[in-house]
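Okay, structure first, notes after.
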2 protein chains.
Amino acid sequence: MRTFRDPALMQRWCRERKLAGRRIALVPTMGFLHEGHLSLIEAAKRRGADEIVVSVFVNPVQFGPKEDYATYPRDERSDLAKCRWAGATAVFLPTPENMYLPRHSTYVNEEDLSKGLCGARRPGHFRGVCTVVAKLFNLTHPDFAVFGQKDYQQAQVIRRMVRDLNFDLDVVVAPIVREDTGLAKSSRNTYLTEEERDRATAISKGLANFRSVAKLRRDLERAGLKVDYVECVDAGTLEPRKKPGKGCCVLVAAYCGKTRLIDNVVL
Amino acid sequence: MRTFRDPALMQRWCRERKLAGRRIALVPTMGFLHEGHLSLIEAAKRRGADEIVVSVFVNPVQFGPKEDYATYPRDERSDLAKCRWAGATAVFLPTPENMYLPRHSTYVNEEDLSKGLCGARRPGHFRGVCTVVAKLFNLTHPDFAVFGQKDYQQAQVIRRMVRDLNFDLDVVVAPIVREDTGLAKSSRNTYLTEEERDRATAISKGLANFRSVAKLRRDLERAGLKVDYVECVDAGTLEPRKKPGKGCCVLVAAYCGKTRLIDNVVL
């Protein structure tokens, strides 16, 4: 397994692999890898990638000024071991300074699907996501890129960006991986106390037994969570749907203590 | 010479050429080709391109609501003949509908170099330029792309975009091609009456004999042109420079009748 820190070297390697006819998969992550991430690498393998490039980069541009950029968990050594174990062929670990050069001034904005849900609560978040993902696409020349369904809105926004900007690659969305309790795997789960981790299961339980937005919201509040949003939307357009049913996605963002958790289910 | 109208077919052809080891040059144009454009194709040849893809697309997104999108001159048959004659190996002529699908919602914004000069007078112009050029890059996988120095600010904005988003290609900027009178070649020159064409030469004459911004502005006004801007800026950062000198670029935008003309000189 190769590791790259310099974007120019990462790009050259991928360019050469690509010209050699190798099928490249990109798995973009912010590191602190868990089984959710490893399932993305598995998905890349199953789809026949010859090279699986995992990027590990906590992207400052997608964090708001009051968010957890500084404290976001990091463990490079463990990430490298997990990537190797899971079958990645290259890991890309750039620094923020190498990714955002002095006078960086170009951003990619998706202006439709990014508006609601997390986009409404985290201004600039998807601008940061689209920008860094566009950069990673250009640096790694993937035939396809794998994202997790846990970040449902993000996956839809990326799909739209790929379509609108004609990126020559496929977007693959892999299912949510959960703890035995149902809690969606997330690097941020590490912030949770044992008691919070217990209460947080109300989210996945509520989604699994979804009846109505009002009921789900009530259940979350009863479990002591602070609801950021509970919404039922069209799974493709992310437009609000009054009547939950086939083709809908129900999305939750809620604070458990100080930790913001998200989860969703497609009906 | 191949012609493509469908973006997907253009992309497939370029992908295959690229994987076959061919060096691809992109020459993005809005058509109504003149010797300025043909010099870009020449520059691509000289730099050793195996495939020269000329795109001909009047990009609606870079025109303001009161600008000349509808009346911008078009002559597809002549453009194809000129491309063939100049040595293009492929011409890409998409429709606006194929370039901007329903619910198109992703745009590329350069937020520094785009702010002043034409960017200040044409809100949204460089957003449209960056978006369509990013799309063309992804559709044609060029090793390098050739732009004209006549659109000096555009060339700098594109360079920055390529750097910031890590597009894996070089930006080549080719010198301005002029009429015998000095007038910079432009598709919009076709709007000029004979009398206007004569008066318009004050721009190139003023730039060739540049002394000061004030004097140049006076000379343009004396020739009956309506000055949009005359600015002396740092050629790299586009920041205003009080003292003209080496490393400066002097840029002019002026109306000759109803036609907006631009020109520049690097000192």
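No lab work stands behind these numbers, since they all come straight from the coordinates. In this text the structure is predicted, and so the values were computed from the model without any measurement. All Cβ positions, even for glycine, are placed from backbone atoms using ideal geometry, and neighbour counts span all protein chains on display.
Using the number of other C-beta atoms within 10 angstrom as an exposure proxy, rank B:Met10, A:Met99 with the fewest first. Display every interim value, and only then the final one.
Values: B:Met10 25, A:Met99 21.
Least crowded to most crowded, the residues run A:Met99, B:Met10.
Based on DSSP H runs of at least 4 residues, each adding -39500 (n - 2.57), what is the mean residue ellipticity at 222 nm of the protein assembly as shown after dividing by all its residues, to the nearest 500 deg cm²/dmol? Present the calculation step by step, with values, prior to reporting the outcome.
Numbers: 18 runs with 198 residues, N = 534.
Value at 222 nm, helices only: -11000 deg cm²/dmol.
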Worksheet entry | Karplus-derived 3J(HN,Hα), 6.51/-1.76/1.60, for each residue of segment A:89-95, Hz, glycine and proline x | 9, 8, 10, 10, 10, x, 8
Discussion item. Give me a comma-separated list of calculated 3J(HN,Hα) values for segment B:244-259, in order, Karplus coefficients 6.51, -1.76, 1.60 applied at θ = phi - 60°, integers in Hz, x for any Gly or Pro.
Written reply: x, x, 3, x, 9, 10, 9, 10, 10, 10, 8, 8, 10, x, 9, 9
Fill in: Listed residues A:His125, A:His141, A:His104, most fluctuating in chain A (Gaussian network, C-alpha, under 10 Å)
A:His104
Practice prompt. Taking amide H positions as placed in the peptide plane 1.01 Å from N, state which residues far from A:Met30 in sequence (5 or more) or on other chains have amide H under 5 Å from it.
Written response: A:Phe57
Worksheet entry | Charge dipole magnitude, Cβ of K and R +1, D and E -1 - chain B, Cα centre, debye nearest 20 | 340
Practice prompt. Pull up the cross-link candidates among the lysines for A:Lys215, meaning alpha carbon to alpha carbon under 19 Å and not fewer than 8 places away within one chain.
Written response: A:Lys205, A:Lys226, A:Lys242, A:Lys243, A:Lys246
Worksheet item: What is the set of long-range amide H partners of A:Leu113 at a cut-off below 5 Å, with H atoms built 1.01 Å from backbone N?
Response: none
Worksheet entry | Listed residue (B:Asn166, B:Gln11, B:Leu136) projecting farthest to the positive dipole end of chain B, Cβ model | B:Asn166
Fill in: A:Val213, A:Val54 arranged by Cβ crowding within 10 Å, fewest neighbours leading
A:Val213, A:Val54
Worksheet item: Given N residues in segment A:27-111, what is Rg(Cα) / (2.2 N^0.38 Å)?
Response: 1.21
Worksheet entry | Amide H within-cut-off set for B:Arg2, under 5 Å, with H built and near neighbours excluded | B:Ala90, B:Val91
Item to complete: Please list the radius of gyration and Dmax for chain B, considering alpha-carbon atoms only, with Å as the unit.
Response: 18.3, 57
Worksheet entry | Peptide-level mean, for A:109-122, of C-beta atoms on other protein chains within 10 Å | 2
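Charges at C-beta only: +1 for Lys and Arg, -1 for Asp and Glu. How large is the resulting dipole of segment B:187-261 about its Cα centre, in Debye rounded to 20?
Numbers: 16 positive and 10 negative charges, 57 e Å.
About 280 debye.
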Response to the item:
Taking the label point 7 Å from Cα along the Cα-Cβ vector, the copy-to-copy distances for B:Arg121, listed from shortest in nm with one decimal, are 4.7
Practice prompt. Could you give the spread of the C-alpha atoms of the protein assembly as shown along their three principal axes, from largest to smallest, in whole angstroms?
Written response: 81, 45, 44
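To one decimal place, what orientation-averaged projected area in nm² is obtained for the convex hull of the Cα set of segment A:187-266? Working shown, then result.
On the way: hull surface 20.3 nm².
Here the figure is 5.1 nm², rounded to one decimal.
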Worksheet item: Hey, for A:Asp50 with labels 7 Å out along Cα-Cβ, what do the inter-copy distances come to in nm, ordered shortest first?
Response: 1.7
Practice prompt. With θ set to phi - 60°, apply the Karplus curve 6.51 cos²θ - 1.76 cosθ + 1.60 along segment A:130-144 and write out the HN-Hα couplings as whole Hz, x wherever there is a Gly or Pro.
Written response: 4, 5, 5, 5, 4, 4, 4, 4, 5, 7, 10, 6, x, 6, 8
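Counting partner chain Cβ atoms within 10 Å of every residue's Cβ in B:155-167, what's the average?
Values: counts 0, 0, 2, 1, 0, 5, 4, 2, 5, 12, 12, 12, 6.
Across the residues of B:155-167, the mean count of other-chain Cβ atoms within 10 Å is 5.
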Worksheet item: A:Arg163 label points, 7 Å along Cα→Cβ, one per copy: pairwise distances from this copy to the rest in nm, shortest first?
Response: 3.4
Practice prompt. Name the residue farthest towards the positive end of the dipole of segment A:110-267 from the options A:Val250, A:Ala223, A:Gly236, assuming +1 on Cβ of Lys and Arg, -1 on Cβ of Asp and Glu, about the Cα centre.
Written response: A:Ala223
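First check a/c for segment B:89-168, with a ≥ b ≥ c the square roots of the eigenvalues of its C-alpha gyration tensor; if it is under 1.5, answer rounded, and if not, answer prolate when a/b is larger than b/c or oblate otherwise. Don't skip to the end; give the middle numbers.
On the way: a/c = 1.63, a/b = 1.22, b/c = 1.34.
Judged from the Cα gyration tensor, segment B:89-168 comes out oblate (a/c at least 1.5, b/c at or above a/b).
Can you put A:Asp68, B:Asp219 in order, fewest other beta carbons within 10 Å first? Each step should come with its number before you reach the end.
On the way: A:Asp68 15, B:Asp219 20.
Sorted ascending by nearby Cβ count, the order is A:Asp68, B:Asp219.
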Practice prompt. Please get the size of the charge dipole for the protein assembly as shown, origin at its Cα centre, with Cβ charges of +1 on Lys and Arg and -1 on Asp and Glu, quoted in debye to the nearest 20.
Written response: 160
